[in-house]
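Where a number appears in this text, it was derived from the coordinates with a stated rule and is not lab data. Not measured: the values here are computed from a predicted model. For neighbour counting, all protein chains shown are included, and Cβ atoms are generated from backbone atoms with ideal geometry for every residue, glycine included.
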Amino acid sequence: MKIHNFSSGPAILPQSVMQEAAEGVKNLNNSGLSVLEISHRSPAFTAILEEAVALVYELLNIPQDDYAVLFLTGGASSQFFMAPMNILNPGQTAGYIDTGAWSTKAIKEAKHFGEVEVIASSKDANFNYVPQDYTVPAGLRYLHMTSNNTIFGTQTHAWPDTDVPLVCDMSSDIFSRSLPIEKFGIIYAGAQKNMGPAGTTLVIVRKDLLGQVERSIPTMLDYNTHIGKNSSFNTPPVFPIYVSMLTMRWVKANGGVAAMERINAEKASMLYQEIDSNPRFEGTVANEESRSVMNVTFVPTAEADKQKFFDACAAAGISTINGHRSVGGFRASIYNAMPKESVAHLIDVMRNF
Ligand code: PMP
């Protein structure tokens, strides 16, 4: 039976990428060596890293002179502290939009380094929407957002109208759509949803924001260290970077992020239409403008249906459709690599339920 993987992360990757990655583990480019056993300073790996960085610039249309592209470790969670440590001075204020568990964690870490002002929050409604009506005070050092809230199934679709640089956690929607890149000071994303296996974090940083804090920064936590050494100050996570590069090649070959955006919108709209029209299910997000195209969250109308639907999914090869342990219900994660046919299959199972 074909298994359709709706996991929120680590998550589905394109089948062809998985096959190429498996081949690279056995015999990289017919070299007789595995990607797992070559030096990170070898020409073969340097070429992989250079291609990965070049693809990030190309796919997201990033001006080469202004931004650095890094592949770091420590997960997106380390960026919660690394971003403020590198750009927020004591006495300066950073704004945060609080849209869920990940934003809340980012807020907690930023408080180690400067003043934090929560500009808007949807905590009052258990994060079931993305706040839209707020004004960004001038004078903030940056405004932090979580573009897609993996747990609550909400996503920012309208970027705030401000000149304050955005620092954005895009862990669960990187490469899913085009971006107005000039609005962003820092973008970071753990690889394990839309990019590759767990183990590397993509960081895109506007270089002019760096070098302005008073504190001394431990070497490994200083973005400038990694910029100066092209993400190879220490041994980089070679396999996650290799697979991320293969995924980005796949995105490019399939029309780039603009094509991903179009297909993602189609997949999400098919699924939301089913949730809205099927009396046995209801969506959990309060308004249409806040709905995520990456993580579609819904619940059964009758609690007694919950286990029955899990059973129906298991029988149909639908894997990992459960909601996050903190919210329950169902969550269909439909990242770039999720084929439209698998979404259609899930819809069939919902219809026949
Ligand atoms: N931010 C978001 C939006 C997430 O979904 C996650 C979960 N992977 C994280 C941050 C934490 O990422 P990591 O596990 O890589 O630290």
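Before moving on, here are some points about what is shown:
- When its C-alpha radius of gyration is set against 2.2 N^0.38 Å (N residues), the stretch 110-222 gives a value of 1.13.
- Farthest positive-ward along the chain dipole, Cα basis, beta-carbon charges - from LEU28, VAL251, ALA286: LEU28
- Under 15 Å, Cβ to Cβ, from LYS26 - net charge with Lys/Arg +1 and Asp/Glu -1: -3
- Calculated FRET efficiency for the pair ASP276/GLU214, C-beta based, R₀ 45 Å, to 0.05: 0.30
- Too-long pairs where the Cα-Cα distance tops 25 Å, listed order kept, from LYS183/LYS207; LYS105/LYS340; LYS123/LYS207; LYS26/LYS267: LYS105/LYS340; LYS123/LYS207; LYS26/LYS267
- For the stretch 232-353, relative contact order (Cα pairs under 8 Å, six or more residues apart, normalised by length) works out to 25 percent.
- Packing-based order for 310-317, 148-155, 113-120, 14-21, using average beta carbon neighbours within 10 Å, highest first: 148-155, 113-120, 14-21, 310-317
- Across the stretch 1-119, Cα pairs under 8 Å and at least six residues apart give a relative contact order of 15 percent.
- Coarse-grained scattering of the stretch 1-52 at q = 0.17 Å⁻¹, given as base-10 log I(q)/I(0) from a Debye sum over alpha-carbon atoms: -0.65
- Set of aspartates and glutamates near LYS2 by C-alpha distance (under 18 Å), chain-local residues within fewer than 8 positions excluded: ASP311, GLU341, ASP348
- Multiplying the residue separation of ALA302 and MET1 by 0.36 nm and subtracting their alpha-carbon distance yields 105.5 nm.
- Rg(Cα) / (2.2 N^0.38 Å) computed for the chain, rounded to two decimals: 1.00
- Debye equation applied to the C-alpha atoms of the stretch 12-151, log10 I(q)/I(0) at 0.17, 0.19, 0.21 Å⁻¹: -1.04, -1.14, -1.26
- FRET efficiency, 1/(1 + (r/R0)^6) with R0 35 Å, evaluated for LYS252 and ASN89 via beta carbons: 0.35
- Charged-residue dipole, Cβ positions (Lys, Arg, Asp, Glu), the stretch 208-353 about Cα centre, Debye nearest 20: 420 debye
- Across all Cα atoms of the stretch 186-244, the radius of gyration (one decimal) and Dmax (whole number) stand at 12.7, 37 Å.
- Relative contact order of the chain, pairs being alpha-carbon contacts under 8 Å that are 6 or more residues apart, as %: 23 percent
- 14 Å Cα-Cα reach of LYS193 towards aspartates and glutamates, excluding residues that sit fewer than 8 places from it in its own chain: ASP169, ASP173
- Protection proxy ranking, peptides 86-92, 133-139, average beta carbon neighbours within 10 Å, highest first: 86-92, 133-139
- Label-to-label distance, nm, for residues given as GLN132 and PHE233 (7 Å Cα→Cβ offset): 4.2 nm
- Simple Cβ-charge dipole of the stretch 245-300, Lys/Arg +1 and Asp/Glu -1, about Cα centre, in debye nearest 20: 380 debye
- Rounded to the nearest 20 debye, the dipole size of the chain about its Cα centre is 740 debye, using +1 on the Cβ of Lys and Arg and -1 on the Cβ of Asp and Glu.
- If you wrap the stretch 268-353 in the convex hull of its Cα atoms and look at it from every side, the mean projected area works out to 5.4 nm².
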